[in-house]
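Worksheet: the structure to be examined is printed underneath.
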Amino acid sequence: MPTKLKRITFAVTPDIENILDEAKKFFYNRSQSEMLRILILEGLASLKKKEQNSLKK
């Protein structure tokens, strides 16, 4: 059964692996994929907000 979700692969450094292990404590009831989707979306939203705030100054 084909899925409509696109798959990506990336290398994880030991430092990032440790950070993801810590993040999993907050996302214990979600899959690793869902955790990464949330972290990416929240990170991008934070960057966008930061950029908008810097343009207002």
Counting all Cα-Cα pairs in the chain, those more than 18 Å apart amount in percent to 52 percent
Rounded percent of accessible protein surface that carbon and sulfur make up, the chain, 1.4 Å probe: 59 percent
For L41, what charge total do you get from the other residues with a beta carbon under 14 Å from its beta carbon, if Lys and Arg give +1 and Asp and Glu give -1? +2
Excluding same-chain residues fewer than 8 positions from K4, which lysines have a Cα within less than 18 Å of its Cα? none
How large is ³J(HN,Hα) for each residue in the range 10-16, as worked out from phi by the Karplus curve 6.51 cos²θ - 1.76 cosθ + 1.60 (θ = phi - 60°), to whole Hz, x for Gly and Pro? 8, 7, 10, 6, x, 5, 5
With a 1.4 Å probe and all protein chains left in place, how much accessible area per residue does the chain have, in Å²? 103 Å²
Could you state the angle between the C-alpha long axis of helix 32-56 and the longest principal axis of the C-alpha atoms of the chain, as a value from 0 to 90 degrees rounded to the nearest 10? 10 degrees
Neighbours of F27 by Cβ distance under 12 Å: Lys/Arg at +1, Asp/Glu at -1, summed charge 0
Show that you can apply the helix-only estimate: for the chain, add -39,500 (n - 2.57) for every DSSP H stretch of four or more residues, divide by all residues, and state [θ] at 222 nm to the nearest 500. -21500 deg cm²/dmol
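The values are calculated or read from the model by the stated rules, or taken from the named source; none is laboratory data. For clarity, every value in this text was computed on a predicted model and none was experimentally measured. Using ideal geometry, Cβ is built from the backbone for each residue, glycine included, and neighbour counts are taken over all protein chains shown. Please note that ligands, DNA and RNA were not included when accessible areas were found on the heavy atoms of the full protein model with its side chains. Shrake-Rupley method; radii C 1.70, N 1.55, O 1.52, S 1.80 Å.
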